[in-house]
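Structure first, then comments.
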Amino acid sequence: MSTEIIQTMRTDTSRPGPARTVWEAQFPWEGARLLELIRSLAPDHGPISVQAYVSESPEVRAMLRATVTEHLQSLGHECTVRVRSAYKAGYFWLTEEVQPLWRRAQAERLTVTCPSGPQDSPGRFLQELYPLAALMEREGLAVDFLPGSADPSYTAALYRGNAQVWQGECFIPLYPRLSTDGREVVAPTGWLTVRAGSQTLHDQRLASDGELFWDWYCGAVLPRLLDLADTRPGLPVFRNLSVNLGLSEPDLALGVLDERISMTEALTEEVYFGTVDALKRHLGVAASSRTLMPGRIVPVAISTPGREGWARVILSEWEGLELPAEVPPNFPSLDAADTDPVTVQSAFPWNPLRTWQAAREQADSCNLEWHVPAMSLGGRPVPAVVRPATGQPSIPSPGGVLVTGGQHANETTGPAAAVRLIQTLAAGPLPFAVLPLENPDGAFLHRALIQINPEHMHHAARYTSLGDDLEARVRDDNPRWEARGRTWAAQAAGATLHLNLHGYPAHEWVRPYSGYAPFGFESWALPAGFMTIVWHHPGLGNEARELAQAIASRLQQLPDVVEHAGRACRANAAHSIHPHYDLIQGLPFILAEQSGTLCPLTVITEAPDETVYGEHFKMFVRAHLAVCEAAIAHHQKPTKIRGL
């Protein structure tokens, strides 16, 4: 069986409006290609040794191993067959093959020597072993990670006391690539080695299903998008890019922390950010910029174990060469049939309608103002609950408070916390404005995506329908659509403190064909527990440090948050050369001077909530609230008026 891809491209004119471009492709399953290769070798003597690397789940790899073994034994050969994971090869080697050894040997310590990473990512292969340190902690086994050579292999040794009881090595198959942003990287790939006695019959790369898809996407779809971008300077490139695929790739929970290994999720990350990176490079936009408007990119990948792969891509274009017009603010009717019962203690991400309904009820019960200062591109409201700065008693005040949630709509705990914070703010004296859901288009998309893959991080819902970050519009003094709500609310509240409720991935964030760690977001690749960021204007460094200490003291009153962060930080630090945060009272913080923010002080809460449910969801909502309550109390101290 060859790696030939069956593909078509057509123009769909069956719907009103601009024609849609549709690509479809089928990819031969790597398992079938592996078996065909082995059968074609027809060894005439033994013993036979087979070592294969495929990007498959443990169950599929076990099936392939049994099939290969049965085939070789039917030919009368003695054989040894290993079928290892091509994705995170070192982690699976240690947990599947070495773990039984350390248990039988009653080992006390494990050492793992990691190959050296590329110059721009020296800790890459240390990160690939994540979350091994957390697993070792649970097993009660000490682990030391040691730097190695450029040779693409891990070596490991087990010790009982000072005596070495075992040593082994695992080859890592890699393939050089050019990322869509133009960097030379090495990526995981499949491999097959077959030996008959001392004779090597086969020792070559075996491309995985994920690689076949990604190469096809980069060769067939991306060039069309780049050509389209040339015709729309300064405008959204397309209206919608839908990428659906089914591949026999692993997607499984590990039972360690909140971790999972999912190549299907990683491929959606590649589609989303890889497309954006390619457009930025082509148009000369800075890699760090969040102002590019590619349009909505919606990748969905499902795992189809043991089956041929497929992909369907639909490109929908805009009509005309003008930005879409903004619509007048309005608010939809909240029919009870369209909303879930409002329960502020909910353990699940909220339906956007529930967020609006709960915020409206809080406004009414606390005699607060309700406004809709902005609308999304999709015609959805961005409501605000406000106690305005005008008309307040003339007393010394440090200024008002701005609260925003749902800027990145796949960060699920912020809107729930923002709604609950309304009552707290209403009980105090300060003017304030709460925007519980800044990105409603993203929130509705996220709601749809988690019906398909509930545990994936879904960065497709992170930004607006145009594909840019609404905060970038605010910083560029161009608050179109959703961003108009934030600037209006900050002014209405006279805000000098911004509480910006965010989240980040609850499990490892990977882009396998772009250097492994997510390009531009490398420091967020591994969870580190609930994190707090304090931004401050020039000259307010001391204020920011005092505020951070007050927040850390308040979080100490939440032992589950502290314990969770401790476990996560230990695992993060073990698999990172230079963690990007500092610890304050044992909790992760980032303090930085930022002169372009709306308020002199901005507190950004970062919950590892993409995507969590149950007790962890409720725990992170409580953590958001604790940080905000501490920041508000600190903000009201008379000494805080100085400098603000």
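The values are calculated or read from the model by the stated rules, or taken from the named source; none is laboratory data. Since this is a predicted model, take the numbers as computed values, not measurements. Because the Cβ atoms are built from the backbone with ideal geometry, glycine has one as well, and the counts that use them run over all protein chains shown. Side chains included, ligands, DNA and RNA excluded: accessible areas come from the protein's heavy atoms. Shrake-Rupley method; radii C 1.70, N 1.55, O 1.52, S 1.80 Å.
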Per residue, what volume in Å³ does the Cα convex hull of the stretch 525-603 take up? 95
Using a probe of 1.4 angstrom, how much of the accessible area of the stretch 562-629 is carbon and sulfur, in percent? 51
Calculate what fraction, in whole %, of the accessible area of the stretch 357-443 sits on carbon and sulfur atoms when a 1.4 Å probe is rolled over the protein chains. 47
Residues of the stretch 351-435: accessible area per residue at 1.4 Å, in Å²? 31
Please report the relative contact order for the stretch 106-171, taking Cα pairs under 8 Å with a sequence separation of at least 6, and give it as a percent rounded to a whole number. 44
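In the stretch 510-548, which chymotrypsin sites (Phe, Trp or Tyr not before Pro) fall in coil by DSSP and have 15 or fewer other Cβ atoms within 10 Å? Don't skip to the answer; put the middle values down first.
Details: sites: Y513, Y516, F519, F521, W524, F530, W535; in loops: Y513, F519, F521, F530.
When the chymotrypsin sites (Phe, Trp or Tyr not before Pro) of the stretch 510-548 are filtered for loop state and at most 15 Cβ neighbours within 10 Å, F521 remain.
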Calculate, for Q636 and D476, the FRET efficiency according to 1/(1 + (r/R0)^6) with r their C-beta to C-beta distance and R0 35 Å; round to the nearest 0.05. 0.60
Which order do F348, F444 take by accessible area at a 1.4 Å probe, largest first? F348, F444
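What FRET efficiency, computed as 1/(1 + (r/R0)^6) with R0 = 45 Å and r the Cβ-Cβ distance, is obtained for Q556 and W166, rounded to the nearest 0.05?
Computed FRET efficiency for Q556 and W166 comes out at 0.60.
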Which order do you get for C79, C170 if you rank them by accessible area with a 1.4 Å probe, largest at the top? C79, C170
Just read off the accessible area of T390 with the full protein assembly in place, 1.4 Å probe, to the nearest 10 Å². 110
Förster-model FRET efficiency, 41 Å R0, R281 and R104, C-beta, rounded to 0.05: 0.20
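Could you tell me the relative contact order of the chain? Use alpha-carbon pairs under 8 Å, at least six residues apart, and round to a whole percent.
Numbers: 1389 pairs, mean separation 85.7, N = 644.
It rounds to 13 percent for the chain.
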With charges set only on the Cβ (+1 for Lys and Arg, -1 for Asp and Glu), what does the dipole of the stretch 429-488 come to about its Cα centre, in debye to the nearest 20? 120
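Which number comes out as Rg/Rh for the chain once both Rg and the Kirkwood Rh are worked out on C-alpha atoms?
1.00
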How many percent of the accessible area of the stretch 106-193 is carbon or sulfur, using a 1.4 Å probe? 49
Solvent accessible area, Å² - E169, 1.4 Å probe, full protein context: 110
Protection-proxy order for peptides 93-101, 608-616, each taking the mean of Cβ atoms within 10 Å per residue, highest first: 608-616, 93-101
Compare D120, D12 by solvent-accessible area with a 1.4 Å probe and give them largest first, with all protein chains kept in place. D120, D12
Hey, what angle do you get for helix 559-574 against the long axis of the chain, alpha-carbon based, 0 to 90 degrees rounded to 10? 50
Å² per residue, accessible surface of the stretch 88-182 at 1.4 Å: 45
